[in-house]
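A short worksheet on the structure shown next.
What follows is calculated from the coordinates using simple rules that are stated; it is not laboratory data. It should be emphasised that the depicted structure is a prediction, and the values quoted were computed from it without experimental measurement. Glycine gets a Cβ as well: all are built from the backbone with ideal geometry, and neighbour counts include every protein chain shown.
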Amino acid sequence: MEERYLGRSGLKVSAMGLGCMGMSEFYGKGDPQESIATIHRAIDLGVTFFDTADMYGHGANEELVGQALKGKRDKVVIATKFGIVRDASDPSKRGINGRPDYVKKACEASLKRLGVEVIDLYYQHRVDPDTPIEETVGAMAELVKEGKVRYLGLSEPGAQTLRRAHHVHPIAAVQSEYSLWSREVETEILPACRQLGIGFVPYSPLGRGFLTGQIRSQKDLPEGDYRVHTPRFSPENLEKNTKLLAVIDEIAKKHGLTPAQVALAWIYAQGPEIVPIPGAKTRAHLEENVETLKKKISFLDVVKLSEAFPPGVAAGERYPREMMQAVGR
């Protein structure tokens, strides 16, 4: 598989990573055996970049990823995140903690769950409004000096916060939601990353599964799926958003691609510094995504998709209001 550097950091990863969140939580019931088989298949296909976080499944996802990658450590780049704190008694309650003492405590816990001695890419999951970014990144930089972390990243920061953080210690990558129906990063974050030489890692490049065309009503979501509680997947908004899929279906049929492959092809057309991490819970979906790297759509197709999905076109916010307040700080 093609490899790409994350900005000017020197960190080389596969051109497509694997988002592992859904294997443990949020998108219906998981299947640990199939998840591990999917991670192993990803390595066989040349995927070297695996993404998790300490809050996914209350740590269970890190444990799953660590188990799957045991004995394969020299072949992979492991990225994880800290900073979103969940209430064990009420999973819906969340806080954000970027205090220096917590940074170090969280890192030690992640290292233990992953079963590794060093984390390749350590992100702050959300910016803590009560802790100056300089203090948080300063503590993260100490982890680099101690050899517990190799590279630093931020997830969903604002552009000015990113610049301040990068001044304290080089930021290798920014992770933010980016897809045909989530293009907000094009205004400030992507330009800032390009100017500073920071890699950009889009999560949910398939619009949390919407852009695959497989979710046209809430009945298409599995039991316990958190998307039923998000604005874009409300019955009213989903009905409006489904109309957007026509152009994807048209281009997919023209090129013999799946809708998911068209959506990913559009992402890749946005720049060589971009490394998406589509999630996959099964080997079949993983293989479909990876196959995108062998496919191409025309420049005119890219333009047509961009015009059909202008920024702000989606009905509904990405997250519920309280969660949206935590992005772009």
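Things to note:
- Averaging the sequence gap over all C-alpha pairs within less than 8 Å and six or more residues apart, then dividing by the number of residues, gives region 56-206 a relative contact order of 19 percent.
- Mean separation of Cα contacts under 8 Å, 6 or more apart, over the residue count of region 129-189: relative contact order %: 33 percent
- Net charge dipole size for the chain [Lys, Arg +1 and Asp, Glu -1 on Cβ; Debye, nearest 20]: 380 debye
- Helix-only CD estimate at 222 nm, as mean residue ellipticity for the chain, using -39500 (n - 2.57) per DSSP H run (n ≥ 4): -10500 deg cm²/dmol
- In region 1-80, the DSSP beta bridges split such that about 40 percent are antiparallel, to the nearest 5.
- Between Glu188 and Arg94, residue separation times 0.36 nm minus the direct Cα-Cα distance comes to 31.1 nm.
- Distance-filtered residues of region 110-143 - backbone nitrogen under 20 Å, label point 7 angstrom along Gln195 Cα→Cβ: 133-134
- A cut-off under 10 angstrom between Cβ atoms defines the neighbours of Ala172, and their net charge, with Lys, Arg +1 and Asp, Glu -1, is +1.
- DSSP bridge pairs, region 3-324: antiparallel proportion in percent, nearest 5: 25 percent
- Relative contact order of the chain, defined on C-alpha pairs under 8 angstrom at six or more residues apart (%): 21 percent
- Computed E for Glu236/Glu291 - FRET, C-beta separation, R0 35 angstrom, nearest 0.05: 0.55
- Using the Stokes-Einstein relation with a Kirkwood hydrodynamic radius computed over Cα pairs, the translational diffusion coefficient of region 246-329 at 37 °C and a viscosity of 0.692 mPa s comes to 226 µm²/s.
- Restricting the calculation to alpha carbons of the chain gives Rg and Dmax of 18.6, 54 angstrom.
- Cross-link reach list, aspartates and glutamates versus Lys294, counting only Cα pairs under 13 Å and skipping chain neighbours closer than eight places: Glu2
- Most fluctuating residue given options Tyr102, Tyr203, Tyr178, as computed from a GNM of the chain linking Cα atoms under 10 Å: Tyr102
- Footprinting exposure proxy for Phe299, Phe309, Phe49, Phe26 (fewest neighbouring C-beta atoms within 10 Å first): Phe299, Phe26, Phe309, Phe49
- Measuring r between the beta carbons of Val303 and Glu108 and using R0 = 35 Å, the FRET efficiency lands at 0.15.
- Relative exposure of Thr258, Thr242, judged by other C-beta atoms within 10 Å (fewest first): Thr242, Thr258
- Whether region 97-139 is rounded, prolate or oblate, judged on the alpha carbon gyration tensor where a/c under 1.5 counts as rounded: prolate
- Flagged links, alpha-carbon separation over 19 Å, of Lys253/Lys304; Lys112/Lys281; Lys72/Lys112; Lys12/Lys296: Lys112/Lys281; Lys12/Lys296
- Counting other Cβ atoms within 10 Å as a rough exposure proxy, the listed residues His40, His229 run His229, His40 from fewest neighbours to most.
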